[in-house]
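We did not get these values from a lab; they are worked out from the coordinates using the rules stated. All figures in this text were calculated on a predicted structure; none of them were measured in a lab. We place every Cβ from the backbone using ideal geometry, glycine too, and count neighbours over all the protein chains shown.
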Amino acid sequence: MDFSLSVEQQSIRAAVARLCADFTPEYWLAKDETGDFPDEFHAAMASAGWLGIAMPTAYGGAGLGISEAALMMQEVAASGAGFSGASSIHMNIFGLNPVVVFGSAEQKDRFLPPLIAGKEKACFAVTEPDAGLDTTHLTTRAVREGAYYVVSGRKVWISTAQVADKMLILTRTTPLEATAKPTDGLTLFYTNVDRGKVEIREIAKMGRKAVDSNMLFIDGLRVPEADRIGAEGEGFKYILHGMNPERILIAAEAIGLGQAALQRACAYAGERVVFGRKIGQNQAIQHPLAQNWMELRAAELMMLDAAGKYDRGEPCGAEANAAKYLAAEAGFRACETAIMTHGGFGYAREYHVERYLREMQIARIAPITPHLILCHIAEKVLGLPRSY
Ligand SMILES: Cc1cc2nc3c(=O)[nH]c(=O)nc-3n(C[C@H](O)[C@H](O)[C@H](O)COP(=O)(O)OP(=O)(O)OC[C@H]3O[C@@H](n4cnc5c(N)ncnc54)[C@H](O)[C@@H]3O)c2cc1C
């Protein structure tokens, strides 16, 4: 078993780090205060060709694997861009996988190149206020009318909807009570965000202010049949297909941000003098940092294992979920330690680590919570009865 990076993977890391170095901690701090979308960063990543890293070459992508995409996203977050940076491009990296795998040639031609080139932005609209993690209970309806579907309902927590041109949206076309299985009757569309029919209200939230999250009130949105991805009623299956790579990318981002926190904490511990010596000389300061390193490295190995399995076409559900869980928890502990290492200054915005802690909570909650990951491992790996 070999987890060492190839020459190409190392050069991806180095090139992304060079690009990210132009976006200083002060840039991200200012974005966090104003809430302005990091357009400059998004444009720089697009023009350097990074947005299509895992997209097919036929549509302008680089055709690389999730392993490379994960390394790239880890580097973005580790640069100090954190989730403000990673979430601003996250949807471009793998979000349109259902279109790649299940879309028609015409749809791929129409949808992929503008997203890869950074000319269009997209959001992913699944979560609903009354369904939560129980996705099959979503109630946003799509009703067919001739060559169109008319969509109405509510979505919540939809990231980047303020700036998105398009949305990948999961709807119900057959009422739950009329389906054989709850996972049937859900249909996926990739379509324009028509602001005349979709009211988008930003949610004031704990962190990552630069990348908006929103309530969507959809009332009579007309979606052409040509924007339906795959077959009617099969949308849940298509979404499931992208879940493991999604968890791997979030894990990579959480590890990156945890590494940024650890790096800041170590730098501070090596400089700050109290009681006549550097605080980093105290074991009470050193040991939690050493523990953070071990936990982040273990999560990184799990993430690389999951990504390698995915890229080789092997089952990776257990590893992808485990990586997401371990990375978010390790990253959270690293951010918390970074604040405690800084003492009072850890609470000050200008030292950045409090922002990291706020952003890290996202990796714990979305797209799935630690509880549901534990439920998944208990059932699928340990063979225990399904608990939810
Ligand atoms: C910043 C942010 C950005 C997001 N971006 C997007 C986005 O772009 N698109 C999108 O579609 N969604 C997005 N989400 C939504 C996110 O995926 C959901 O918040 C997440 O899936 C949890 O769903 P919920 O909030 O409805 O929690 P709920 O389903 O209401 O769960 C509440 C709590 O109860 C626990 N729980 C529920 N049932 C069980 C059970 N049976 N056993 C044990 N525990 C249980 C959960 O683990 C959780 O802790 C985002 C969320 C955040 C915070």
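Only counting other Cβ atoms within 10 Å, I'd like Phe217, Phe37, Phe236 sorted with the fewest neighbours first. Don't jump to the answer; show the numbers that get you there.
Working: Phe217 14, Phe37 18, Phe236 22.
Exposure proxy ranking, most exposed first: Phe217, Phe37, Phe236.
The sum of -39500 (n - 2.57) across all DSSP H runs of n ≥ 4, divided by the residue count of the chain, sets its helix-only mean residue ellipticity at 222 nm to -15000 deg cm²/dmol. Distance distribution P(r), the chain, all Cα-Cα pairs, bin width 20 angstrom from 0: 28, 58, 13, 1 percent.
FRET efficiency for Ala180 and Thr34, Cβ-Cβ distance as r, R0 = 41 Å, nearest 0.05? Present the calculation step by step, with values, prior to reporting the outcome.
Details: r = 50 Å, r/R0 = 1.22.
For Ala180 and Thr34, the calculated efficiency is 0.25.
Close amide H partners of Asp212, meaning residues 5 or more places away or on another chain with modelled amide H under 5 Å apart, are Thr160. Within the listed set Asn282, Asn192, Asn244, the residue fluctuating most in the Gaussian network model of the chain (springs between alpha-carbon atoms under 10 angstrom) is Asn282.
Largest GNM mean-square fluctuation among Ser47, Ser152, Ser213, using the chain with Cα springs under 10 Å: Ser47. GNM on the chain, alpha-carbon springs under 10 angstrom: the most fluctuating residue among Arg141, Arg247, Arg272 is Arg272. Taken about its Cα centre, the stretch 232-324 carries a charge dipole of about 640 debye when Lys and Arg each add +1 at the Cβ and Asp and Glu each add -1 at the Cβ. Can you find, among Leu29, Phe275, Ala306, the residue farthest towards the positive end of the dipole of the chain? Put +1 on the C-beta of Lys and Arg, -1 on that of Asp and Glu. Final value for the positive-end residue is Phe275. A viscosity of 1.306 mPa s and a temperature of 10 °C, combined with the Kirkwood radius over C-alpha pairs in the Stokes-Einstein formula, give the stretch 311-371 a diffusion coefficient of 124 µm²/s. In the chain, Cα pairs under 8 Å separated by at least six residues give a relative contact order of 16 percent. From the alpha carbon centroid of the stretch 273-335 to that of the stretch 11-41 is 23 Å.
May I ask you to compute the full-extension gain from Phe3 to Thr24, defined as 0.36 nm times their residue separation minus their alpha-carbon distance, rounded to one decimal in nm? Can you show the working numbers first?
On the way: separation 21, 0.36 × 21 = 7.56 nm, distance 3.03 nm.
Going from the current span to full extension adds 4.5 nm.
Highest mean first, the peptides 376-387, 98-109 sorted by other C-beta atoms within 10 Å per residue fall in the order 98-109, 376-387.
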